[in-house]
Amino acid sequence: MTSATTTRETQTRSVGETLRELLSARDDEAVVRFVERLQENYLAQLRAAVEAARRGNTKNESVSRAQLDLLLKELEAAQETAANADAEGGAAEPSPTAKADEKLKGASAIPKKPDEEKPKKPPPRRRPLPPELPRVDNVIRVPDAERPCPRCGGERRCCGHELTEILDIIPPQVVVRRDLREKLVCETLSCEGEITCAPLGDKVIEGGAYGARFVADLLTSKFEDGLPLYRQQERYERLGFDMPLASMGDQIAWATDLLAPVARGLVDETLKADVMHADGTSMPVLDKDSPKGIKLGSMWGYVGVTIRVVDGKAVEDRRAAYIYNSTGKKKGQRPGELGPSEMLERRRKAGKPYVCVDAASVFEASFKIAGLIEIACNMHGRRYFKKALDAEDHRAALPLAAYKKLYLVEERVRGKPPDEVLAARQAESKPVFEELLSWCKTYLEHEPPKSLLRKAIGYFVRNAEALGRFLDDGALPIDNGVVERLHREVAVGRRNYLFCGSDVGAERAAIAYTVLGTCKLLGINPLEYLSDVLPVLARGISIKRDLPALMPAAWKAARERAA
């Protein structure tokens, strides 16, 4: 039987009929070609489906409904083939993995919305401009040729203005602030009283030439916007001012030294929060003793979260804290360094047990000590299944669909009191999570040790207790995303300025990331906060008396009360 004959017959007959005919004809070569052709077509369809799914999900890691439908169709086809085989040769017991697939498919199914006629889109409407922005009048005169009256020729007077609001921008300016300090003298001629003068204007450093807002802009641009100093220098040159790089570095060093008490206070507030998130990221540092001249330090980020219920809504009080370590070890290697295990020990002594982390080895020993409770990160658990799906293992679509349902529940209950969150998690999330765990345990026995799906399953099963801890407490988070998102500023800055100049420079960067990260979590404009707080710190404060009012949360509350 030729290859052309085989192809024509497969178009009109079922796979089973064609294969039985080839086997009865004892044409082994035709059977091999037929099976190879089926395998090639099947793999081509899978690759096309994966590529289409990737193109449709470039903005996030979610599994589309099309991907899940593809997997379900494959499962249904496999079950139909097995049923046909049973009808011919006797019934067979379904495999354990097939049973697990069927159960998880039902538990993680996301109900489709009923087909409704889509309403017509309203015509586009321009968003109203923010009312808090300052308004600058731009008076536009009628041209001279149109000012005389066309009937009598007399000059027409202005009777009002047509108002149109346009969003525009006034380019920033580097200005010289002239502080005119008032002097008072006694007007009595016979009096020889002393002349008094107003105090000096706000500056970061006594005797310095740069104002607080200028230094706040330097600090924010580098550590919040990831703009290295040489780029800021180019920006100032375009504004007509040439500032040496050394002077910029000095201003940032002095500003972060002044902010050190605030950063230490934020570390204490983070340790005392109800839940503390922890995660680390790398920070290259110049080191003449290293073979390549650069060593790899660590920037450990912590976020403290305490939930308050105000007017029936959950309000999260958040604080950020960054601590630099000269190595990636769990304990600090230089005097004064606090490694992650030492931070967890301080957390335990503070009497706050809950800590949300990923399953990193640096935390293992700490959670074996009584007084600390681990909350594992489901973002990490999900990420391993996503890697398996990217490697064209479509079985990973089922656990990813289960995770999608878990996160849909979290999105719906966000901002609600913990008791309502707990009720939703118990009713909707817990059955899905338990079915996902059962599915993983079933596949664990049948999956090769080196496959990506096996690694994802192993991670989930090993950390199942900590991963599911959020199900039993509405105040606990489902993942460690709050601190991982905060790492973006560190990652952008690291990519732009490449490294810190020394361990001391990295410690100053940690102070800046601590203050700016807390401002971001609290919705504070960092320029306003720094320009207000830096001069107060420069004049000298009492830590016990003055520092509490300068902390970002207290500063924000005071501004809101004044407004």
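The values are calculated or read from the model by the stated rules, or taken from the named source; none is laboratory data. Small disclaimer: the values here were computed from a predicted structure and weren't measured. Here the Cβ positions follow ideal geometry from the backbone for every residue, glycine too, while neighbour counts run over all protein chains shown.
Numbers below:
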| item | result |
| --- | --- |
| Residue list for the range 419-429, filter: closer than 16 Å to residue 468 by Cα and not hydroxyl-bearing (Ser, Thr, Tyr) | 421, 422, 423, 424, 425, 426, 427, 428 |
| Candidate set from the range 327-343 (those that are in contact (Cβ under 8 Å) with a residue 60 or more places away in the chain and within 23 Å of the chain's Cα centre (by Cα)); member that is surrounded by the fewest Cβ atoms within 10 Å (Cβ to Cβ) | 343 |
| Test: residue in the range 231-239 that is at pLDDT below 90 and not assigned by TED's automatic domain parsing to the domain that holds residue 283 | yes |
| Cross-chain or 6+ apart pairs with Cβ under 6 Å, the range 432-457 first and surrounded by fewer than 19 Cβ atoms within 10 Å (Cβ to Cβ) and modelled with pLDDT under 95, then among the polar types (S, T, N, Q) and not in a loop (DSSP other than H, G, I, E, B) | 446/97 |
| Residue, surrounded by the most Cβ atoms within 10 Å (Cβ to Cβ), within the range 472-494, restricted to residues that are of a type in the set (Gly, Ala, Ser) and over 12 Å from residue 305 (Cβ atoms) | 493 |
| The one condition in (1) within 24 Å of the chain's Cα centre (by Cα); (2) surrounded by fewer than 17 Cβ atoms within 10 Å (Cβ to Cβ); (3) of a type outside the set (Ser, Thr, Tyr); (4) over 27 Å from residue 420 (Cα atoms) that residue 245 fails to fulfil | (1) |
| Residues of the range 222-261 classified as touching a Pro at 6+ places or on another chain (Cβ under 9 Å) and of a type in the set (S, T, N, Q), total | 1 |
| Failed criterion for residue 187 (all others in (1) in a loop (DSSP other than H, G, I, E, B); (2) under 30 Å from residue 501 (Cβ atoms) hold) | (2) |
| Selected residue (only one of 370, 350 is among the small types (Gly, Ala, Ser) and more than 28 Å from residue 553 (Cβ to Cβ)) | 370 |
| Number of the exception - residue 392 against (1) farther than 28 Å from residue 507 by Cβ; (2) of a type in the set (Asp, Glu); (3) under 25 Å from the mean Cα position of the chain (by Cα) | (3) |
| Options 437, 476; residue that is within 22 Å of residue 410 (Cα to Cα) and not in a helix (DSSP H, G or I) | 476 |
| Top-ranked residue in the range 389-408 [being more than 16 Å from residue 443 (Cβ to Cβ), surrounded by fewer than 18 Cβ atoms within 10 Å (Cβ to Cβ) and of a type outside the set (Ser, Thr, Tyr); ranked as modelled with the highest pLDDT] | 408 |
| Residue identified as surrounded by 19 or more Cβ atoms within 10 Å (Cβ to Cβ), among the acidic types (Asp, Glu) and part of a helix (DSSP H, G or I) among 428, 420, 507 | 507 |
| Residues of the range 227-250 satisfying the condition of being farther than 19 Å from residue 500 by Cα and part of a helix (DSSP H, G or I) | 234, 235, 236, 237, 238 |
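Residues checked against (1) more than 15 Å from residue 516 (Cβ to Cβ); (2) surrounded by fewer than 21 Cβ atoms within 10 Å (Cβ to Cβ):
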residue: 261; (1), (2): yes, yes
residue: 276; (1), (2): yes, no
residue: 283; (1), (2): yes, no
residue: 286; (1), (2): yes, yes
residue: 297; (1), (2): yes, no
residue: 306; (1), (2): yes, yes
residue: 309; (1), (2): yes, yes
residue: 315; (1), (2): yes, yes
residue: 321; (1), (2): no, no
